[in-house]
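Shown next, in structure tokens, is the structure this report addresses.
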């Protein structure tokens, strides 16, 4: 590993995370890491730091031979990619919190680390304060990782918590999240699942060596969840969470998706509320481990950036063991999902797509059914994202082929279903 080196940092961005890191570093002198320059767009804006620290010229950092670490915490993924790649090529190690940029360019960034010999760390990009990437890298062997599921977006989790605990409707809960700073003024990336999907792409690489873009991932957000769905969940002693998950199937391949899900009270994720994140990892002989922590906010995110900076003192880098030292796992489309679907008009539901239907409830305004669908149907179509339809996974949603015949035997006949 070599001995500890002194870190001179150039930082891009001085928003919530950047300013948080500046304050945290001042309180941890033992780290032997100091910020030399911060590059920002608007130099005239008043900030809680000496004005001499700031520049609007990126080359003041990228071309400074004394700066050996670049911290990139801006929210422009195109500029972020240029900064990170230039810094690596210029012999600097990089710490980033930009999940969208990383998810869009991970294969190139992994290659660039190989060719430059530099390190790119990004713990803060996945679950803010939870040290999940490094644990997946170092602790969980590919062959022994049975499943991983996670709540990775604090904004949507906050909204769902308020819908349950304070009986707010979706719009009211979203407004509250924006007022408290947990959701952006333009919340689409959060509530439609894009932010969570970007984080999940990163975690999938470190879990199973599977590298995909979000276009290849089946995902949705929480905009279609209705107050009536929350009532159904409560009647079953469950809550609704936006859950990303991957599981190794009997055929050795991996199933993965990111969708709203009913969560039982005996599930660790049931207790993950408000802006918190949670990760449950199931491995060969260790049963389940649960990681829990704040998924948003200045200091929680800055603490993960700080942890990466500390690791760079000893030359730490991700080895991408699941990619390079194993045969990476393959994704499978060959399974079914147990789903709850609520809707206003039965005509909008493709009844013929279902392998089986196990429950059916007709209501005045909304009706719902619980049944099993081929995963490939959801992947290939978007009927379930339209017409005020709400699709929520059941707990233990994955049904493998060997279980299908039993479900068919128990299935209600669809032919006679009328609203």
Tell me the angle of helix 194-208 to the major Cα principal axis of the chain, expressed in degrees between 0 and 90 and rounded to the nearest ten.
80 degrees
Cα-based Kirkwood hydrodynamic radius, the chain, one decimal, Å
22.7 Å
Could you work out the relative contact order of segment 132-293? I mean the mean sequence separation of Cα pairs under 8 Å and 6+ apart, divided by the number of residues, in percent.
33 percent
With just the Cα atoms defining each centre, how far is segment 346-387 from segment 215-272? Give it in Å.
16 Å
Connecting C-alpha atoms closer than 10 Å in a GNM of the chain, tell me which of 134, 47, 338 has the biggest fluctuation.
47
Expected sort for 358, 138 with the fewest Cβ neighbours (10 Å cutoff) up front is 138, 358
The chain - share of DSSP beta bridges that are antiparallel (%, nearest 5):
70 percent
On Cα atoms only, tilt of 401-410 relative to the major axis of the chain in degrees:
40 degrees
Cα gyration tensor shape of segment 336-410, rounded if a/c is under 1.5, else prolate or oblate by comparing a/b with b/c:
prolate
Just need the Rg to Rh number for segment 4-81, please, alpha carbons only, Kirkwood Rh.
0.94
Rounded to the nearest 10 degrees, the helix 99-116 long axis (Cα) sits at an angle to the longest Cα principal axis of the chain of 50 degrees
Candidates 239, 207, 185: whichever shows maximal mean-square fluctuation once the chain is modelled as a Gaussian network with Cα springs under 10 Å
185
Taking every pair of alpha-carbon atoms in segment 132-293, what share in percent sits in each 10 Å bin, from 0 to the bin with the longest distance?
11, 40, 34, 14, 1
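We did not get these values from a lab; they are worked out from the coordinates using the rules stated. Not measured: the values here are computed from a predicted model. Ideal geometry is used to build each Cβ from the backbone, glycine not excepted, and the neighbour counts take in all protein chains shown.
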